[in-house]
Amino acid sequence: MALLSHTITLSPEFLGPRMREYVTKKLYLDIEGTCTGRYGYIIAVVAILEIQMGKVIPGYGSAEFEVKYSAILYMPFRNEVVDAVVGMVNTLGVTAHAGPLSIFITRSLIPTDMKFDPHSNPPSYSSEDQKIEKGTMVRVKITGTRVDATEIFATGTIKEDYLSVIE
């Protein structure tokens with residue numbers, strides 16, 4: 001959890017007795033579910049701590065409000081183990097999703113006994129006792145991350161002990 005701030009701009013039709021309610025709604029809509037390179041994914045706004053006095057923008061009639069709030073964040077890190085749902089399987093590897101995070105598992109980091117079967121429907125990697133296809137739950141170790149301004153990408157492995165398909 002972290003303490004953050006955000007500037008909300010309200011147009012003149014929202015300035016009035018219910019202004020505080022509009023600022024709160026706009027904060028939730030603007031912030032929840034977004035990703036920042038600095039803090040990671042903002043999962044949920046927990047509490048609004050302070051809404052500062054608004055400042056009127058000359059020439060527009062709109063007002064800006066600085067809002068301080070606390071939020072639940074998710075910033076993945078290297079060597080973290082997460083449970084993810086497989087979203088896509090192809091010859092290059094597997095793409096899995098752990099909440100908002102997309103994790104690519106390259107073919108070389110999938111156990112060698114698992115072979116790609118392009119003719120199965122849906123396409124899958126399978127061994128004698130396990131099968132990875134779309135919708136399968138896997139336990140993945142994050143091997144690296146790349147942070148952009150609005151998104152985080154990760155690579156992972158299931159080639160180590162205790163990683164692979166979750167029954």
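Structure summary
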read-out: Hz values of 3J(HN,Hα) by residue in the stretch 103-112 - Karplus curve (6.51, -1.76, 1.60), Gly and Pro given as x; value: 10, 9, 10, 5, 4, 6, 9, 9, x, 5
read-out: Gain in span if fully extended, Thr9 to Thr34, counting 0.36 nm per residue against the direct Cα distance; value: 7.2 nm
read-out: Fraction of accessible area attributable to carbon and sulfur, the stretch 1-100 (%, probe 1.4 Å); value: 59 percent
read-out: Rounded accessible area per residue of the chain, 1.4 Å, Å²; value: 60 Å²
read-out: Helix 19-31 vs. the chain, principal-axis angle (Cα, 0 to 90°, nearest 10); value: 20 degrees
read-out: Equivalent ellipsoid semi-axes, the chain, via Cα gyration tensor eigenvalues times 5, rooted, Å; value: 45, 15, 12
read-out: Solvent-accessible ranking of Met137, Met53, Met88, largest area first, probe 1.4 Å; value: Met53, Met88, Met137
read-out: Pairwise Lys count, the chain - Cα closer than 15 Å, eight or more residues apart or different chains; value: 6
read-out: J(HN,Hα) series, the stretch 32-49, from Karplus relation 6.51 cos²θ - 1.76 cosθ + 1.60, nearest Hz, glycine and proline x; value: 4, x, 8, 10, 10, x, 7, 9, x, 7, 8, 6, 7, 7, 8, 8, 9, 8
read-out: Of Ala154, Ala63, Ala98, the one that fluctuates the most in a GNM where the chain has Cα springs shorter than 10 Å; value: Ala63
read-out: Built amide H within the under 5 Å cut-off of Leu73, gap 5+; value: Ala2, Ile43
read-out: Positive minus negative residues near Thr155 (Lys, Arg vs Asp, Glu; Cβ under 13 Å); value: +4
read-out: Sites matching trypsin sites (Lys or Arg not before Pro) across the stretch 16-58 that sit in DSSP coil, with at most 12 neighbouring C-beta atoms within 10 Å; value: Arg18, Arg38
read-out: Cut-off under 5 Å, modelled amide H: who pairs with Glu80 long-range; value: Ile142
read-out: The stretch 1-151 - percent relative contact order, Cα under 8 Å, separation 6 or more; value: 23 percent
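The values are calculated or read from the model by the stated rules, or taken from the named source; none is laboratory data. Since we're looking at a predicted model, the values are computed, not measured. Don't worry about glycine lacking a Cβ; one is built from the backbone with ideal geometry, like all the others, and counts go over all protein chains shown. Ligands, DNA and RNA are stripped out before the accessible areas are found, and what is left, the full protein with its side chains, is counted by its heavy atoms. Shrake-Rupley method; radii C 1.70, N 1.55, O 1.52, S 1.80 Å.
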